[in-house]
Amino acid sequence: MEITLWHLLDSLLAILLLGLGWAALSGTDLKRGVVLFMAFGLLLSLIWARLRAPDLALAEAAIGAGLSGALLLLALRDKEKSENNLGQPGFLPGLASLLLMLLLAASFALAYVSAVTGHEGGRLAGLAFGNLEQSGVSNPVTAVLLNFRAYDTLLELAVLLAATLGILALGSERRPFRRPGVLLEGLVAWISPLLVIVAGYLLWAGAHAPGGAFQAGALLAAAIVMLRLGGMRSDHLPGPLVQRWLLVGGITAFMLTGYLASFLGLVFLQYPDGRAGLLILLIESAAMLSIALSLGLAYIGGRPSGWENRSSRGRSS
Amino acid sequence: MGEQKQQGAQFMILTQLIFGITGGLLFAMGLRSALVRESLLARIIAVNISGAGVFLAFVAIAYRGLEETPDPVPHALVLTGIVVAVSATALALALRRRLDEADDE
């Protein structure tokens, strides 16, 4: 088997990733762990680009490295009881867990090798590429997400909504940051509109190039994070009622499209002939806003202040 | 021609193996940390790294070589997975914050 320069590059990336992962996991300083985890996410997005998965590279850079990192950094502000006990496990549990880890990695590798080397015959890729022309979009990943496996995406939006409802139920928003300096304020004023424009472009481009509702939604959420960092209160978001509708908007658009298909005598979520592209764009727009608001509310940390007043008024009347 | 094709397949499989086994190691490393660490925040990071390992194995399987378009189905699965992972992380962090507040009361 010939080893080329590409394989050396691959090995370098893999070793760097393992090193970063190990460093992020094993340190006792949590702040250092979070920063290393963000670096891990950035390196992972480079690897997605290397493995020819640009859709994933975009999503990972925005979500895996960006938003997760922002959420974790914010969480560092909360004091934790168990943080007093940061030591590594004792000798026996440590050894047992290490053995378990090696066993797991070995069986994973064994299953993986047999899957990669022993597989001949049809893969789903053939089906996906064969039907790409009827899907209404030309980006195969978007076609799988919004057409061939639309059920998965519908349920994913349900998971996202469930997580957001959990976060909203757990408490009210964090106190906003103190007023930032002129420099940060100016930067936020420049970057936020740019983020909105790029998100709109990614949504539109998702039909034929890397991009789509998830990447666009993550960028919009990043705009919310930037505004928040710039000292804005949650008041700059739309009113509570609009927020509630935006949160369920993605699922609603999906379900309505599905029922429309049933009404027209098709299977649930089967798009009518020639209308698939338009319907996918509509669903993706609603899904983008839902994803953006869900992730944004996760960073705000709970029910925005407007929601509280409204519900207490409702209770008193 | 056939030999060239076989060389291409070997080129592809070696890359798949490098990243797939890295994914397996990350998965196991993350899972171990999630089990043995005391700090909740460290556990949340560990679960995320463990998940990243699974994603890496998926995308490595989808890889088809330098010239070929990769399999879009695992890509779509991983894209879904990334968003589900961040929402689970956000919920876990909110639960952690609430737990600490409950401890203080």
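The values are calculated or read from the model by the stated rules, or taken from the named source; none is laboratory data. Computed from a prediction, not measured in an experiment: that's the story for all the values here. FYI the Cβ positions are ideal-geometry reconstructions off the backbone, even for glycines, and counts take in every protein chain you see. Heavy atoms of the whole protein, side chains included, go into the accessibility calculation; ligands, DNA and RNA do not. Shrake-Rupley method; radii C 1.70, N 1.55, O 1.52, S 1.80 Å.
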**OP:** Mind listing whichever residues of the stretch A:120-132 are outside any helix (DSSP H, G or I) and either at pLDDT 85 or above or more than 9 Å from every other protein chain (Cβ to nearest Cβ) (or both)?
**Re:** A:E120, A:G121, A:G122, A:N131
**OP:** Please state which one of A:L67, A:L86, A:L44 is modelled with pLDDT of 95 or more and facing chain B (nearest Cβ under 10 Å).
**Re:** A:L44
Original post:
If you scan the stretch A:43-78, which residues turn out to be touching a helix residue (DSSP H, G or I) at 6+ places or on another chain (Cβ under 8 Å) and not aliphatic (A, V, I, L, M)?
Top reply: A:S45, A:W48, A:R50, A:P54, A:D55, A:E60, A:G64, A:G66, A:S68, A:G69, A:D78
Subject >> Scope the stretch A:260-317; condition modelled with pLDDT of 85 or more, assigned to a loop (DSSP other than H, G, I, E, B) and among the hydroxyl-bearing types (S, T, Y); matching residues >> reply: A:Y271
Subject >> Answer residue from the stretch B:64-77, given it is surrounded by 24 or more Cβ atoms within 10 Å (Cβ to Cβ) and in contact (Cβ under 8 Å) with a residue 12 or more places away in the chain and is farthest from A:A62 (Cα to Cα) among those >> reply: B:P74
Original post:
Here is a list of conditions, (1) more than 30 Å from A:A158 (Cβ to Cβ); (2) within 7 Å of chain A (Cβ to nearest Cβ); (3) at pLDDT below 90, and B:L35 meets all of them except one; can you say which number that is?
Top reply: (1)
Subject >> Matching residues, the stretch A:133-142, being among the aliphatic types (A, V, I, L, M) and more than 7 Å from chain B (Cβ to nearest Cβ) >> reply: A:V137
**OP:** Within the stretch A:200-224, count every residue that is over 14 Å from the mean Cα position of the chain (by Cα) and open to solvent by less than 10 Å² (accessible area, probe 1.4 Å).
**Re:** 3
Original post:
When the stretch B:44-68 is examined, which residues are found to be facing another protein chain (nearest Cβ under 7 Å) and not in a helix (DSSP H, G or I)?
Top reply: B:Y63
**OP:** Considering every residue within the stretch A:20-32, establish whether at least one is among the small types (G, A, S), open to solvent by 10 Å² or more (accessible area, probe 1.4 Å), under 28 Å from A:L203 (Cα atoms) and modelled with pLDDT of 85 or more.
**Re:** no
Original post:
Can you name the condition, by its number, that A:V188 falls short on among (1) within 28 Å of B:G81 (Cβ to Cβ); (2) crowded, with 16+ Cβ neighbours inside 10 Å?
Top reply: (1)
Subject >> Unmet requirement for B:M29, which otherwise passes all of (1) open to solvent by less than 10 Å² (accessible area, probe 1.4 Å); (2) touching a residue at least 12 places away in the same chain (Cβ under 8 Å); (3) not in a loop (DSSP other than H, G, I, E, B) >> reply: (1)
**OP:** Please enumerate the residues belonging to the stretch A:146-174 that are within 8 Å of chain B (Cβ to nearest Cβ), in contact with a Gly (Cβ under 7 Å, 6 or more places away or on another chain) and part of a helix (DSSP H, G or I).
**Re:** A:I167
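To keep it simple, each residue is scored yes or no on (1) touching a residue at least 60 places away in the same chain (Cβ under 8 Å); (2) acidic (D, E); (3) open to solvent by 40 Å² or more (accessible area, probe 1.4 Å); (4) touching a strand residue (DSSP E or B) at 6+ places or on another chain (Cβ under 6 Å).
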position	(1), (2), (3), (4)
A:A106	no, no, yes, no
A:V116	no, no, no, no
A:G126	no, no, yes, no
A:V144	no, no, no, no
A:F148	no, no, yes, no
A:L154	yes, no, no, no
A:L165	no, no, yes, no
A:L168	yes, no, no, yes
